[in-house]
Every structure is written in C-alpha cells, then in structure tokens.
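Everything below concerns the one structure shown next.
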Amino acid sequence: MEAQRGTIALVLVVAYGAACLAVGLWALRRTRTPRDFFMAGRSLGVVVSSVAIFSTTLSGFGFVGGPGLVYRMGLSSVWLVLTAVTGYVLTFVLLAKRLRLLAEARDPVSLPDAVAARYGSETSRLWTALAILLGVLGYLATQILAMATVLRDVLADVPAIGEVGLVACVVVSCAVLAFYCVTGGIVASVYTDVFQGAIMVVAAVLVFLSAQASVDGGFTGMSLTLLADDPESIGPWGSLGMLACLSWYFRFLLGTSGPQGERHAGEAAVHRGLGRQ
Amino acid sequence: MRLSLVLLGLVVAAALLLLAAVFVVPATEQVVVHPDHPTLLRGADGAARIAPVALLGAAFGLVQIGFFGACFALGMRRRGSLGPVARPLWIGLALYAGVFLALLAAYRVFLDDPARLLLGFPLPTAVMLYALWPVPLWFLWLYLRHFDEQVLAPEDVERVRRIAREVAAEEGRE
C-alpha cells in the first residue's frame, strides 16, 4: 500500500481535475445568458453559497500555504484564522444589506455595476474593475501556485513520471481552471468551490486525526516537544510576537470584507443566500 | 456621541498605536532562524521581547475590539437605535475584552511556567484557541437573531422593489 501511495495520490488528483472539467461542462448546459454566466441566474441556495464562501476563504492560500506558515512561525499564523468569524460578521453587517437592496433596485450584474449604480459614476465602475483585476492577479497567482505545487509533489512521488517542472504544472493547473471558468461561468466556479469545500472538510478531519495519532501523547506530546525546543512557537504570539499577531488580526478583520478573489462567492451570497427572504 | 465619531476615534487610535509601535518602541520583536532547520523561525526570549510592547499591544487589542463593536453597532442600527441589540452587544464586547485580557494574564503565567498545559496546549494558547476564537460567535448569533427586525425587514425589500418599479415605469422600461 505504501509503495503505491504516489500512484494513488496521482489517481485522486486526476479524478479531481476530471471532476472540475465535468462541472464546467455541466455548468455550460445551465448557462444560457450573460446573467446566468455572471450571477447563476440568482439561483444559488444558502448552503451552496455558504460552502462556496468557506472553500474560497480557505482556498489554496489557507489549505496549502497555511500549514507551511504554522510550521515556519508557529502560532502566529493562527491569528489569521481567528478573524474568520469577526471578519465575516463585519462583512455581513456592513455590506450585505446595502448590496442586497442595491441588487433589488438597480439589478447589477457585477460589483463594478453595483458601485457605478450606487455613485452614478462610470469612472467609479472603471476604478472598481481595475481594483478587482489587480486584486485577482495576486490572489489567482497564489491559488495556481498552490495547485501547481501540490501537482508537482504528487507527480514526483510516482516513479513512472518522476520530476516535472513547476512551470509545466502551472500550465496544467491554469488549463483546468480556465476551462471550467470560461465554459461554466459563476455556476462552474461556485460548484467546483462546493466540491473542493467538501474535499477540504474530509481531508482536514483525516489530517487532524492522523497527526494526533502519529505523535505519542497527541497534542500534549506535540506541545511538550515544541516547548522543549522553543516555547514561544507554541505560545499565543508564536515566533513573530505580539504586535505582529495583532496587526495581522486587524488587517484580516478589515480585509475579509474586501478580498477581490472572493467576489464571486460574495456576489452569489449577497444576491441569493444572504438577502432573499 | 455620534457613532461615526467613535469609529473615527478608534481608527485614529489604532493608527497612532501602530505608529508608536514602528517609531517609538525599539525593534524588540526580533525573530531568529532555527539553528537546525533554516526554514523555521524561533521566537527568542518571550519575556524580553514582550516587556516593551505589552501595554501597547494590550491597548491595540482593546481598540480593535472596540472598533469591531462600533462597526457592528453601525450595521445593526435601525433608525438610529440599536433597540434590543444594545445590551447583548455590550455584554459580548465585555466578554471579548475580558477573554483578551485573560489571554494576556495567562501569557504572564506562561513566561514563568511554560509547561502548564490545558487541553493539550500551554495555558495562554488554550485561552486563545478555546475561548478567544469562539467568542465572536456571540455576535454572529446576534446578527442572525435580529436580522429581520434590525437589519433587513421584509418591508424594506418590498419598499425598494416598489421604488424600483416606479422608477422603471417613469423611465419607460416597463
């Protein structure tokens, strides 16, 4: 079983990619108008929107990069996660109602539409679109890098394939991503998020149980090992220190309301899940 | 006092505290690379690096909790009043601030006796993970509980729909 681990992982990754492509094709059949493409015809339910927001928030940044951050700087990086509730509460309280009413009154298709309708300004539409574009570039690059890194490491474990360059993995990752986004629009994006979210939940539980079982004494054993090496790393401020952690908290408390990469899930939720009575 | 002024005051306070952290407090929060694992950072001496910034950090944390509360109040107000949300909001903020201060107190204990564990983690880390993290769920519950009466009543949506229909009719779109 252990000898086949790489092959099993490769099969799972290929199945995952195929599932994403299948979602793209399925979404293509459901997408008939630009409104379907950008807003899923306002037909997404609360559960679908919620899981999509969850997986978008966690994403490659949290799921692949997060463990790396915890390894590198200890508990400092957990302060990012502590804002999960407060950040979304602020988003809901401050933005959801206004966007919901704006959607009723002016029927915007995208956030730039909503901003242009709110301020009656085409210039504001342009600046919003540019801001989203700039935000998405960095966000998307992180996601693609995470996906490509996982793919490269999985392929490296398969003796028949061996080392594959990161650039080739980026190309494959981009191709899958572009296919399902272009063919299925927001429907494909949200439903692949739901698919990914389900995988993340299962994987997180399995990793949690596996990690706990792999160390004598579970979390107590891990804590004692870390305390012997560097107490601060397992303390509340981690390796970075108090002010760095609190600054991180402040940035993510406010930043949750505005990450442009979450725009599609946020829009879907605002249009359908959060506001509709 | 107007809520917008409170918010402005808290933002200015946060900015001043951060400025103080950058310009007034010396660079005490240095990290060092682990001698055996170069990709790993070490936190160095906790007592030495926390001493100059403890008060500043405590103030910054409390300002953030106040800022969160003010933003929450801003979004939950209806016709200028928090109504039934006011008291639970104050209780929640007091709880949030109390747990944060408990974390700071537990960290003091941790510096003297790091081996004291609670549910698998050092005491302050346990306070952070098991208490500070879940407290904001109180505010989420408040939002859900009072959504219809304070945030978005069905008549709000109906009124906006009616206005949208009237505007569309005036503009000849319907």
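When exposed loop sites are taken as GluC sites (Glu not before Pro) in a DSSP loop with at most 15 other Cβ atoms within 10 Å, the longest stretch of chain A clear of them is A:3-162.
Taking Cα pairs under 8 Å and at least six residues apart, what relative contact order does segment A:60-217 come out at, in percent? Before the final figure, lay out each step's value.
Working: 69 pairs, mean separation 24.2, N = 158.
Across segment A:60-217, relative contact order equals 15 percent.
Principal-axis analysis of the Cα atoms of chain A puts helix A:46-60 at an angle of about 50° to the longest axis.
In segment A:1-94, how does Rg compare with the Kirkwood Rh, expressed as the Rg/Rh ratio over alpha carbon atoms?
On the way: Rg = 18.3 Å, Rh = 16.9 Å.
Radius of gyration over Kirkwood radius for segment A:1-94 works out to 1.09.
When the helix-only estimate is applied to chain B (DSSP H runs of n ≥ 4, each -39,500 (n - 2.57), divided by the residue count), what is the mean residue ellipticity at 222 nm, nearest 500 deg cm²/dmol? Show your work: numbers first, answer last.
Numbers: 7 runs with 103 residues, N = 174.
Estimated from H runs of four or more residues: -19500 deg cm²/dmol.
Looking at segment A:26-91, the trypsin sites (Lys or Arg not before Pro) that sit in a DSSP loop and have at most 15 other Cβ atoms within 10 Å of their own Cβ are A:Arg32.
Sparse packing (at most 14 other Cβ atoms within 10 Å of the Cβ) combined with a DSSP loop state is found for the following trypsin sites (Lys or Arg not before Pro) in segment B:50-159: B:Arg79, B:Arg116. Centroid-to-centroid, using Cα positions, segment A:136-168 and segment A:234-248 are 31 Å apart. Taking the longest Cα principal axis of chain A as reference, the axis of helix A:122-156 is set at about 30 degrees. Relative to the longest principal axis of the C-alpha atoms of chain A, give the angle of the C-alpha long axis of helix A:242-255, reported between 0 and 90° and rounded to the nearest 10°. The angle comes out at about 30 degrees. The alpha-carbon atoms of segment A:40-104, seen along their principal axes, cover 47, 23, 15 angstrom, with the largest extent given first.
For the protein assembly as shown, compute the orientation-averaged projected area of the C-alpha convex hull (one quarter of its surface), in nm².
Values: hull surface 100.1 nm².
The Cα convex hull of the protein assembly as shown, projected and averaged over all directions, gives 25.0 nm².
Rank these for me by crowding, A:Val176, A:Val23, B:Val22, going from fewest to most other beta carbons within 10 Å.
Details: A:Val176 19, A:Val23 22, B:Val22 10.
Ranking A:Val176, A:Val23, B:Val22 by Cβ neighbours within 10 Å, fewest first, gives B:Val22, A:Val176, A:Val23.
Here segment A:60-76 is scanned for amide nitrogen atoms under 19 Å from the site 7 Å beyond the Cα of A:Leu134 along Cα-to-Cβ, giving none.
Can you compute log10 of I(q)/I(0) for chain B with the Debye formula, treating each Cα as one identical point scatterer, at q = 0.14, 0.18, 0.20 Å⁻¹? These q points yield log10 I(q)/I(0) values of -0.93, -1.23, -1.33.
Kindly put A:Cys245, A:Cys181 in sequence by how many other C-beta atoms sit within 10 Å of each C-beta, fewest to most. List each step's numbers first, then the result.
Working: A:Cys245 25, A:Cys181 17.
Exposure proxy ranking, most exposed first: A:Cys181, A:Cys245.
Legend: translational diffusion of segment A:91-142 by Stokes-Einstein, Rh = Kirkwood radius over C-alpha pairs, 4 °C, 1.567 mPa s; D = 110 µm²/s.
We did not get these values from a lab; they are worked out from the coordinates using the rules stated. What you see is a predicted model; the values in this text were computed from it and never measured. FYI the Cβ positions are ideal-geometry reconstructions off the backbone, even for glycines, and counts take in every protein chain you see.
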